Amino acid sequence: MFDSTDEAFISKISPSTACICESESTKRIFKFSLKFKLTEREKEIIKHILDQKSNQEIAEELDISKRTVETHRKNIMLKMDVKNSIGIAVKCIENNILQTS
């Protein structure tokens, strides 16, 4: 049902970037994942995008290639029907995954 990646997604977003919704946050993450058919890796990539990390920084942290990160980012944007990282953040806000301070 819920896994540690969902909790990590909630807890590791930088406070300077966003304020996480506390109540029922795990359920929202789960519904968000189902709505956009996100893989566990894509959820990890989104967390890093919301932390304002570059593709290279994400690649180094996850021990994957920069090209792999670019592919994940492209797939996330296609699934969410957005054009850039700001669109990803907007979708997260619209789905109560994070709120502006």
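Lys35: which lysines have alpha carbons under 19 Å from its alpha carbon, excluding same-chain residues fewer than 8 sequence positions away?
Lys27, Lys43, Lys47, Lys74, Lys79, Lys83, Lys91
Please order Ser85, Ser33 by the number of other Cβ within 10 Å, starting at the fewest.
Fewest to most other Cβ atoms nearby, the residues stand as Ser85, Ser33.
Readers should treat all values here as calculations from the given coordinates under stated rules, not as data from a laboratory. If you're wondering where the values come from, they're calculated on a predicted model, not measured in any experiment. Ideal geometry is used to build each Cβ from the backbone, glycine not excepted, and the neighbour counts take in all protein chains shown.
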